[in-house]
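The values are calculated or read from the model by the stated rules, or taken from the named source; none is laboratory data. Source: prediction; values computed, not measured. Cβ sites come from the backbone with ideal geometry, for glycine too, and all protein chains shown count toward neighbours.
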Amino acid sequence: MNTKENKPPKPPILVSSTSTPKIPQTTDGFKIPAAPASRPLQANNQVASSSNGEPASDVQKDNNKLWAISDFDLGRPLGKGKFGSVYLAREKKSHYVVALKVLFKSQILSSDIEHQVRREVEIQCRLRHPNILRMYGYFHDERRIYLILEYAKHGALYRLLKARGRFDERTAAIYVRDLTKALMYCHQMKVIHRDLKPENLLIGHNWELKIADFGWSVHSPSSRRMTICGTLDYLSPEMLDSKPHNYAVDLWSLGVLCYELLVGLPPFEAKDQHVTYKKIRHVIIKYPDYVSDLARDLIGKLLVIRPEERLPLAKVLKHPWIMQNAPDGTKPPIFDAEQK
Ligand code: AMP
């Protein structure tokens with residue numbers, strides 16, 4: 001991550017933030033996670049890390065000052081979510097470019113998602129993988145919570161997918177391979193994502209896929225889907241039925257995602273949610289002619305009703321569709337930024 005060509009470029013600074021408040025000493029009743037909030041960025045414009053990817057302990061020790069908004073110059077908005085906005089930002093001392101996600105405490109409390117935000121921070125701060133969006137830390141002021149995130153230069157995968165319609169098999173296989181590796185890491189770290197979908201995947205500086213949004217990784221996504229998103233498309237049958245579930249829910253979502261990358265739409269999509277429900281329960285999938293037999297084979301081995309019969313992640317990496325289309329070392333294609 002720390003090579004010269006991987007470094008995000010420095011953006012033009014549009015807005016200065018010197019008048020924004022310093023973080024208060026009290027937490028005004030709003031619980032903030034116990035995850036590290038110490039300064040993770042170095043003056044040489046690199047993320048402070050040791051060779052194994054862990055934060056360098058001396059940097060942690062020397063830099064236990066908390067972040068505040070006055071440490072950043074704010075740039076353009078990168079996007080808007082339901083609970084706040086994301087801005088390009090540059091840390092003033094190091095000039096390190098990040099994405100700042102700004103959440104309003106009032107909205108978080110009124111929507112009763114304090115728990116999810118806390119989990120998102122706790123989980124994402126400790127994950128270190130090239131295909132998982134880094135969260136460097138967080139801070140807060142009276143009204144807002146700020147999440148300091150890795151900047152994903154090429155934005156959300158769903159935008160790229162919508163713009164291109166669908167991906168060719170090689171591109172889809174590279175994304176699925178990299179996602180599989182990231183999920184293997186998550187599962188080793190005892191984290192189930194539970195909400196994989198193109199909206200939660202970002203594209204980094206070198207067009208690599210990054211899993212973002214861990215806010216629902218320990219919360220019931222089924223209630224979220226129905227109350228907030230209104231879509232069941234990525235839900236596994238066991239979650240639809242509110243049955244106990246385990247890591248295999250991410251295998252199901254990987255199968256759904258693989259189909260959507262190749263076709264442009266998720267396999268169980270329907271206008272009526274009852275139809276989607278039925279299609280999921282009975283695994284009714286139609287493939288357009290252009291989807292290869294090998295891709296169908298992999299998707300079919302992931303979209304299996306019984307969780308324990310789904311193809312394990314290690315075997316996904318060895319599947320012939322992946323081996324042929326995304327052999328080790330192949331990188332995601334570079335798309336014309338204008339055509340995004
Ligand atoms: P969210 O609130 O996380 O749903 O983010 C809303 C939008 O902001 C996303 O769809 C992206 O387009 C953009 N965005 C969020 N996080 C980042 C990031 N780390 N880097 C670049 N763009 C981002």
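Quick look at the numbers
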{"item": "Matching option when the condition is surrounded by fewer than 18 Cβ atoms within 10 Å (Cβ to Cβ) and either more than 30 Å from Leu294 (Cβ to Cβ) or within 12 Å of the ligand (Cβ to nearest atom) (or both), among Gly165, Gly155", "result": "Gly155"}
{"item": "Pair list, Cβ under 7 Å, 6 or more apart: the range 131-150 residue on the phi > 0 side of the Ramachandran plot, other residue within 12 Å of the ligand (Cβ to nearest atom) and in a strand (DSSP E or B)", "result": "Gly137/Ile148"}
{"item": "Only listed residue being within 13 Å of Glu169 (Cβ to Cβ) and either surrounded by 14 or more Cβ atoms within 10 Å (Cβ to Cβ) or touching a Phe, Trp or Tyr at 6+ places or on another chain (Cβ under 8 Å) (or both), chosen from Val291, Val283, Val316, Val304", "result": "Val291"}
{"item": "Inter-residue pairs, beta-carbon under 9 Å, first under 15 Å from Glu150 (Cα atoms) and in the range 66-87, second outside any strand (DSSP E or B) and within 10 Å of the ligand (Cβ to nearest atom), 6+ apart", "result": "Leu78/Tyr151; Leu78/Ala152; Leu78/Gly155; Gly79/Gly155"}
{"item": "Residue match in the range 132-150 (condition: under 30 Å from Ser292 (Cα atoms) and modelled with pLDDT of 95 or more)", "result": "yes"}
{"item": "Hits in the range 298-340 - residues which are closer than 16 Å to Leu257 by Cα and aromatic (Phe, Trp, Tyr)", "result": "Trp321"}
{"item": "Failed condition for Ala99, given (1) modelled with pLDDT of 95 or more; (2) more than 12 Å from the ligand (Cβ to nearest atom); (3) under 22 Å from Ser70 (Cβ atoms)", "result": "(2)"}
{"item": "Options Ser110, Ser94: the member that is without any contact (Cβ under 8 Å) to a residue 12 or more places away in the chain and either within 13 Å of Phe72 (Cα to Cα) or surrounded by fewer than 23 Cβ atoms within 10 Å (Cβ to Cβ) (or both)", "result": "Ser110"}
{"item": "Any hit, the range 161-183, residues being more than 21 Å from Phe335 (Cβ to Cβ), assigned to a helix (DSSP H, G or I) and not charged (D, E, K, R)", "result": "yes"}
